[in-house]
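The values are calculated or read from the model by the stated rules, or taken from the named source; none is laboratory data. As the structure is a prediction and not an experimental result, all values here were calculated from the model. As a convention, Cβ positions derive from the backbone with ideal geometry for all residues, glycine included, and neighbour counts pool all protein chains shown.
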Amino acid sequence: MVLVAPSMLSADFSKLGEELKKITVAGADWAHLDVMDGMFVPNITIGPSVIKALRPHSDIVFDTHLMIEDPVRYVKEFADAGSDYITVHVEAKGDISAAVDKIKELGKKAGISINPDTPVSAVEPFLDRIDLILVMTVQPGFGGQLFRENGPEKISALRKMADTTGREILISVDGGINRDTGKRCIDAGADVLAAGSYLFKQQDMAEEISLWKRM
Ligand code: DX5
Ligand code: ZN
């Protein structure tokens, strides 16, 4: 079964609590929360205080995507704020292995994300510990970009790598996901679709999500 994770980056930031309730009622499985520091990516979004403020508005799984340098500095804040999954980038500065270990020590699910130009082999050193691989199909930083065509082949390679571990590792894909690109990623072996602009522009998000869950 496909898990659908609407990216709150495309929500109306002036009413994030209501928007979170909207995706919950629409049948979303996870809320994808994009954290950007203006250093790892050229954009700044939300921090742990916003995630903490959102937490009481829904019981939905919080899938926090940290697009920040040296993420080990902030892992505890994001865990305490109510994140369920915390994903860090393999390309980020700092000790990424220590960040993953800290996420696990805090009792949270840990993810590693790779950018479109990063080879799948970059996740190998983490496969014994991670719960999620987040495959970026756009250069991180902004919503509404075009899907990068090398996504599905990376996903199928990662699916094989993940399956050989015998551990449950979910594969999520993020960037330019719509009905068509989402279906291609699912067929390649993805478990989770993180999608912002396409889902939020739907008149009937619930209908779209139920369609995605059956693809
Ligand atoms: C991009 C973010 C994505 C973004 C996706 O850096 O990580 O989660 O919200 O937006 P769309 O679905 O519009 O590409
Ligand atoms: Zn994201």
Which one is farthest from ligand 2 (Cβ to nearest atom), of the residues in the stretch 131-159 that are of a type in the set (A, V, I, L, M, F, W, C) and farther than 19 Å from Asp34 by Cβ? Ala157
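If you scan the stretch 66-83, which residues turn out to be away from ligand 2 (no atom under 15 Å from the Cβ) and part of a loop (DSSP other than H, G, I, E, B)? Spell out the reasoning first.
Kept after step one, since they are away from ligand 2 (no atom under 15 Å from the Cβ), are these residues of the stretch 66-83: 69-70, 72-77, 79-82.
The answer is Glu69, Asp70, Tyr74, Ala81, Gly82.
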All positions within the stretch 182-201 that are more than 15 Å from Pro6 (Cα to Cα) and surrounded by fewer than 24 Cβ atoms within 10 Å (Cβ to Cβ): Lys183, Arg184, Ile186, Asp187, Ala188, Gly189
Only unsatisfied item for Met1, checking (1) more than 16 Å from ligand 2 (Cβ to nearest atom); (2) not in a loop (DSSP other than H, G, I, E, B), is (2)
Has the stretch 1-15 got at least one residue that is within 18 Å of Leu132 (Cβ to Cβ) and at pLDDT below 95? yes
Can you name the residue in the stretch 33-54 that is more than 11 Å from Met67 (Cβ to Cβ) and over 15 Å from the mean Cα position of the chain (by Cα) and, of all such residues, is surrounded by the most Cβ atoms within 10 Å (Cβ to Cβ)? Leu54
Among (1) within 16 Å of ligand 1 (Cβ to nearest atom); (2) closer than 27 Å to Leu106 by Cα, where does Ile130 come up short? (1)
Scanning the stretch 8-38 for residues that are part of a loop (DSSP other than H, G, I, E, B) and farther than 15 Å from Phe142 by Cβ, the one farthest from ligand 1 (Cβ to nearest atom) turns out to be Gly27
What residue, of Ala81, Ala5, is of a type in the set (Gly, Ala, Ser) and under 21 Å from Gly143 (Cα atoms)? Ala5
Return the only residue of Glu149, Glu153, Glu105 being closer than 24 Å to Val75 by Cβ, surrounded by fewer than 17 Cβ atoms within 10 Å (Cβ to Cβ) and either within 14 Å of ligand 1 (Cβ to nearest atom) or not aliphatic (A, V, I, L, M) (or both). Glu105
What are the residues in the stretch 198-210 that are within 25 Å of Ser156 (Cα to Cα) and either more than 16 Å from ligand 1 (Cβ to nearest atom) or of a type in the set (S, T, N, Q) (or both), if any? Ser210
